[in-house]
Amino acid sequence: MKKSPSYFNALSRKETRIGLIYMAISLILLPSLLQQGNAMLASPLSSARLNFVYYCINFLTVVWIFRYFLKDSFRAALRSPFATIWYAALGYLGSEALCELLTILIFMIFPSFSNINDQTVFNLLGQEQTLIAIGTVIMVPVTEELFFRGLLFRNLWDKKQVLAYAVSMGSFALLHVVGYIGSFDPLHLLLCFVQYLPAGFCLCWCYRQTGTIATPIIMHAIVNAMGVSNAVR
């Protein structure tokens, strides 16, 4: 098995502990708290603006929690900018190829299939194009990569590498479907879940190649930017 890159910084124990606590708050408590608080306002925010508030809170919080990890990671990226961009691009191309192949197979079996989360983002863009685009392309990649690659993948890597991939990919895919459980049939949700696995794998792969979290953040931003671009055409 290929060795880890010479630079592959890990989170401190404090960052890991606080990060895990906030990750649980962000994914479980924060959405419902925001919805309850919004319902109490005299003029409640639209779903798009409320989502943007959620993006902002998560972005600012995780940047603060993981500020030292981010600082070290981006310093490493600046020392090898070509490798960082090169592997982010390769990861993106690989993800697109695998996702396209998987989508073709899904449509061969279920011609009417549509990705629920993609449709939700499309609807939000219709309400607040600029805010959702900023949140999706800039804030979400930083937040999700710190959670799923920095916090989960990197911390598990030194213990068991296969487990690091499995947990990071699985939790990343689950994030995009868990909010729809109970509203759609299980098979539809399973197919949506599977659609996110190639991207999760490629994000882990490009992170591992360079050892800096900047690489999957850039790849993730490219994926989301292309998705937004296609949605607003």
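The values are calculated or read from the model by the stated rules, or taken from the named source; none is laboratory data. What you are looking at is a predicted structure, and each value in this text was computed from that prediction instead of being measured. Virtual Cβ from ideal backbone geometry, glycine too; neighbours counted across all protein chains shown.
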Original post:
Hey, any hits in the stretch 157-164 for a residue that's in a helix (DSSP H, G or I) and over 21 Å from residue 69 (Cα atoms)?
Top reply: yes
Subject >> Pair list, Cβ under 6 Å, 6 or more apart: the stretch 71-82 residue in contact (Cβ under 8 Å) with a residue 24 or more places away in the chain and under 10 Å from residue 215 (Cβ atoms), other residue assigned to a helix (DSSP H, G or I) and of a type in the set (Gly, Ala, Ser) >> reply: 73/214; 77/214
Original post:
Regarding residue 57, is this residue of a type in the set (A, V, I, L, M), modelled with pLDDT under 95 and either under 30 Å from residue 181 (Cβ atoms) or in a helix (DSSP H, G or I) (or both)?
Top reply: no
**OP:** Report yes if residue 156 is more than 27 Å from residue 49 (Cα to Cα) and either in contact with a Cys (Cβ under 7 Å, 6 or more places away or on another chain) or not aromatic (Phe, Trp, Tyr) (or both), otherwise no.
**Re:** yes
Original post:
Taking residue 34, is it under 27 Å from residue 198 (Cα atoms), surrounded by 16 or more Cβ atoms within 10 Å (Cβ to Cβ) and in contact (Cβ under 8 Å) with a residue 12 or more places away in the chain?
Top reply: no
Subject >> Of residues in the stretch 156-172 being in contact (Cβ under 8 Å) with a residue 24 or more places away in the chain and more than 17 Å from residue 26 (Cβ to Cβ), the one surrounded by the fewest Cβ atoms within 10 Å (Cβ to Cβ) >> reply: 158
